[in-house]
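*Asks:* Please find one structure pasted underneath; my questions will follow.
The values are calculated or read from the model by the stated rules, or taken from the named source; none is laboratory data. Here the structure is a predicted model, which means the values were calculated and not measured. Reconstructed Cβ throughout: ideal geometry from the backbone, glycine too, with neighbour counts over all protein chains shown. These accessible areas exclude ligands, DNA and RNA; they are computed on the full protein's heavy atoms, side chains included. Shrake-Rupley method; radii C 1.70, N 1.55, O 1.52, S 1.80 Å.
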Amino acid sequence: MIVVRDIELLKGKKLAATIGFFDGVHLGHRFLINELKETAKAHNLPSAVITFPEHPRAVLHADYQPKLLNSFEEKLEQLASTGIDYCIVLDFTIGLSHLTAQEFISTVLADQLHVTTLLTGYDHRFGRDRKDGFEQYVDYGAACGMAVVKATPYDDGRTAVSSSEIRRLLQEYRVEEAASLLTYPYQLKGSIVDGYKVGRKLGFPTANIQVDEPFKIVPGIGVYAVWVYLKGERYKGMLYIGDRPTLHNGNNITLEVNILDFSGDIYNNEITVAFIYHVRGDIKFNSLDELKEQLGRDRETVDKLLTSK
């Protein structure tokens, strides 16, 4: 996949394209992109996904804080895995938001990006106020030599596949179901930072994670079995998300992972955790000894779950 940030590079190249934010690049997105690839092949055209580096609502509303499934770089990685020819990165601006659907199709898609075939999501609307629909898009496209085609709904619409549905599953600890819709385990990437080092005293040293992308959604509070990617290696991990009620940590939510069968200095390293199973919810224990005993049981559970994965 070629990432295009300078549209001048596309001069003279006709494209079959689809457009969207594609947060998560989930099962529904992949179904749409596969249909685009087939359409492009039928018309002997390169295939292109047009997307934005920032959430459009965050550009229009400065106080809007999106809950993302991917950082922008992660989204590019997932789009590359679809086998698309081009990913066109289009900056979403206030000026762009003021364009009507007709203006967007004619001046941006046709004149600037040379799209001759546009595949639209079966329920996707764009343009100022989103007041036009597919029939109008077809007319606007025809006026500038563009064929506008409506995509087939995934599974005839029987299966709920959307970025918002996946966010809901993650918040409800249902990471296995989220992974099924994403087509890959949900991940958080970040840096290892200093923590309170209480886990070390209990015999379960943890790496505290500061997530790189501040708008990425953090799954619901509890203990998870995760794969840990560190220094080019993969390890089993027991990850905790919560405010550590036994230690009276207040309302400060921490992400800390105990890496199984690992020892060494890992501070200031980059780390990625991939959520595989939810093990249990958060519990307030009566003593540190009770907490230590539970952590031992959790560790055994995580080891068995990931051994069988």
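*Asks:* In angstroms, what radius of gyration and Dmax does the chain have, counting Cα atoms only?
*Replies:* Reported Rg and Dmax, both Å: 22.8, 74.
*Asks:* In addition: Name the aspartates and glutamates eligible as straight-distance cross-link partners of Lys131: C-alpha to C-alpha under 18 Å, and not fewer than 8 places from it in the same chain.
*Replies:* Filter leaves Glu103, Asp123, Asp139.
*Asks:* Can you tell me the order of 210-222, 161-173 when each peptide is scored by its average per-residue count of other Cβ atoms within 10 angstrom, highest first?
*Replies:* 161-173, 210-222
*Asks:* Quick check: residue separation of Glu73 and Lys131 times 0.36 nm, minus the Cα distance between them. What number comes out in nm?
*Replies:* Result for the pair: 17.7 nm of gain on full extension.
*Asks:* I need to check one value: relative contact order of the stretch 17-144, counting alpha carbon pairs closer than 8 Å and at least 6 residues apart, in percent.
*Replies:* Reported relative contact order: 29 percent.
*Asks:* Hey, what does the equivalent ellipsoid look like for the stretch 40-198, semi-axes from the Cα gyration tensor as sqrt of 5 times each eigenvalue, largest first, whole Å?
*Replies:* 33, 19, 16
*Asks:* Only four residue types carry charge here, +1 at the Cβ of Lys and Arg and -1 at the Cβ of Asp and Glu. Report the dipole size of the chain about the Cα centre in Debye, rounded to the nearest 20.
*Replies:* That gives the chain a dipole magnitude of about 340 debye.
*Asks:* Mind checking which lysines have their Cα closer than 21 Å to the Cα of Lys231? Skip sequence neighbours fewer than 8 apart in that chain.
*Replies:* Lys189
*Asks:* Right, something else. Accessible area per residue, 1.4 Å probe, Å², for the chain: what's the number?
*Replies:* Value for the chain: 50 Å² per residue.
*Asks:* Name the residue from Val4, Gly237, Gln136 whose Cα lies farthest towards the positive end of the charge dipole of the chain, charges +1 on Cβ of Lys and Arg and -1 on Cβ of Asp and Glu.
*Replies:* Gly237
*Asks:* While we're on this one: Of all accessible surface on the stretch 1-143 at a 1.4 Å probe, what whole percent is carbon and sulfur?
*Replies:* Carbon-and-sulfur percentage of accessible area, whole number: 48.
*Asks:* Moving to a separate point now. List the lysines whose Cα sits under 25 Å from the Cα of Lys13, skipping any in the same chain fewer than 8 residues away.
*Replies:* Lys37, Lys41, Lys75, Lys150
*Asks:* Using C-alpha positions alone, give me the convex hull volume of the stretch 30-77 per residue in cubic angstrom.
*Replies:* Spread over its residues, the Cα hull of the stretch 30-77 gives 97 Å³ apiece.
*Asks:* Under the rule of -39500 (n - 2.57) per DSSP H run of 4 or more residues, summed and divided by the residues of the chain, what mean residue ellipticity at 222 nm is obtained, to the nearest 500 deg cm²/dmol?
*Replies:* Mean residue ellipticity, 222 nm, calculated: -8000 deg cm²/dmol.
*Asks:* Sticking with this one: Give the residue from Ala207, Thr301, Gly145 lying farthest towards the positive end of the charge dipole for the chain; charges sit on Cβ (+1 for Lys and Arg, -1 for Asp and Glu) and the dipole is referred to the Cα centre.
*Replies:* Among Ala207, Thr301, Gly145, the one farthest towards the positive end of the dipole of the chain is Thr301.
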